[in-house]
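Asks: First the structure, then my questions, so here it is.
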Amino acid sequence: MDLSNLKPAKGSVKNKKRIGRGQGSGRGGTSTRGHKGAQSRSGYKRKSGFEGGQMPLFRRVPKFGFKNINRKEYQGINLDTLQKLVDDKKVAVIDQAVLIENGFVSKNDLIKILGRGELKAKLEVSAHAFTKTAKAAIEAQGGQANII
């Protein structure tokens, strides 16, 4: 095998339909557009969503829900994740920089500490929000839960 005898796979290359090249081609005259009407004219453009006069899907389906523009989206970090971080990295202070460095959040995320898991270490945790159970668990170990 070398570059001089490379070919595309059999059946993968087809000739383009050459329309509007005279009656002998079989695609002359109306150039496969049929007779008269908007679709036969140049510059015709079908409206997006048009279904031939049938009620379009976007009008048949009812409106649903809304997007709250004031919603704050938090990135949740559980207590068991914090405990794993303490076990692996031996940290006593957990803040946004530590979580970004270890790949748990990105720099623009809001952080919320959640209460799943068990915490065995005394920690100083800084985050944007805490659940009641998470805050209670951190303070029960003698740590601090600081809101940024």
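Asks: Among (1) under 27 Å from the mean Cα position of the chain (by Cα); (2) at pLDDT 95 or above, there is one condition E101 misses while meeting the rest; what is its number?
Replies: (2)
Asks: Can you tell me which residues in the range 1-56 are on the phi < 0 side of the Ramachandran plot and touching a Ser or Thr at 6+ places or on another chain (Cβ under 7 Å)?
Replies: Those that are on the phi < 0 side of the Ramachandran plot and touching a Ser or Thr at 6+ places or on another chain (Cβ under 7 Å): R18, I19, T30, R33, S40.
Asks: Part of a loop (DSSP other than H, G, I, E, B), hydrophobic (A, V, I, L, M, F, W, C) and not assigned by TED's automatic domain parsing to the domain that holds A137: does that describe V13?
Replies: Values: part of a loop (DSSP other than H, G, I, E, B): yes; hydrophobic (A, V, I, L, M, F, W, C): yes; not assigned by TED's automatic domain parsing to the domain that holds A137: yes.
Judged against the criteria, V13 is a match.
Asks: Out of Q75, Q83, which single residue is over 21 Å from E139 (Cα atoms) and not small (G, A, S)? Outline the logic, then answer.
Replies: Details: Q83 fails: over 21 Å from E139 (Cα atoms).
Among Q75, Q83, only Q75 is over 21 Å from E139 (Cα atoms) and not small (G, A, S).
Asks: Let me ask something else about it. Report yes if some residue within the range 74-86 is within 31 Å of the chain's Cα centre (by Cα), basic (K, R), surrounded by 10 or more Cβ atoms within 10 Å (Cβ to Cβ) and in the same structural domain as A134 (by TED's automatic domain parsing); otherwise report no. Spell out how you get there, then give the answer.
Replies: Residues of the range 74-86 that are within 31 Å of the chain's Cα centre (by Cα), as a first pass: 74-85.
Now narrow it down to the ones that are basic (K, R): 84.
Still in the running and surrounded by 10 or more Cβ atoms within 10 Å (Cβ to Cβ): 84.
Checking the rest, the ones that are also in the same structural domain as A134 (by TED's automatic domain parsing) come to 84.
The answer is yes; a qualifying residue exists.
Asks: Quick check on my filter: what residues within the range 36-86 are in contact with a strand residue (DSSP E or B) (Cβ under 8 Å, 6 or more places away or on another chain) and of a type in the set (K, R)?
Replies: K72
Asks: Within the range 104-123, work out how many residues are more than 26 Å from the chain's Cα centre (by Cα) and surrounded by 17 or more Cβ atoms within 10 Å (Cβ to Cβ). Talk me through it step by step, then tell me what you get.
Replies: Initially, the range 104-123 is screened for residues more than 26 Å from the chain's Cα centre (by Cα), giving 115-123.
Of the ones still in play, those that are also surrounded by 17 or more Cβ atoms within 10 Å (Cβ to Cβ) are 115, 119, 121, 123.
Summing the residues that are more than 26 Å from the chain's Cα centre (by Cα) and surrounded by 17 or more Cβ atoms within 10 Å (Cβ to Cβ) in the range 104-123 gives 4.
Asks: Please state which one of I77, I100, I113 is under 22 Å from T131 (Cα atoms) and touching a helix residue (DSSP H, G or I) at 6+ places or on another chain (Cβ under 6 Å). Give the derivation first.
Replies: Working: I77 fails: touching a helix residue (DSSP H, G or I) at 6+ places or on another chain (Cβ under 6 Å); I100 fails: touching a helix residue (DSSP H, G or I) at 6+ places or on another chain (Cβ under 6 Å).
None of the others qualify; the one that does is I113.
Asks: Consider only pairs whose beta carbons are under 7 Å apart and that are at least six residues apart or on different chains; among these, list those whose first residue lies in the range 43-63 and is outside the structural domain of R33 (by TED's automatic domain parsing) and whose second residue is among the small types (G, A, S).
Replies: Hits for this filter: zero, empty list.
Asks: If I69 meets every condition in (1) touching a Leu at 6+ places or on another chain (Cβ under 7 Å); (2) exposed (fewer than 10 other Cβ atoms within 10 Å of the Cβ); (3) of a type in the set (V, I, T) apart from one, which number is that one?
Replies: (1)
Asks: A further question follows. Residues to consider are K47, K132; find the one that is surrounded by fewer than 10 Cβ atoms within 10 Å (Cβ to Cβ) and under 30 Å from G29 (Cα atoms). Don't jump to the end; show me each part of the working.
Replies: Working: K132 fails: under 30 Å from G29 (Cα atoms).
Just one listed residue meets the conditions, K47.
The values are calculated or read from the model by the stated rules, or taken from the named source; none is laboratory data. On a predicted model such as this, the values are computed, not experimentally measured, just so you know. Cβ coordinates were reconstructed from backbone atoms using ideal geometry, including for glycine residues, and neighbour counts include every protein chain displayed.
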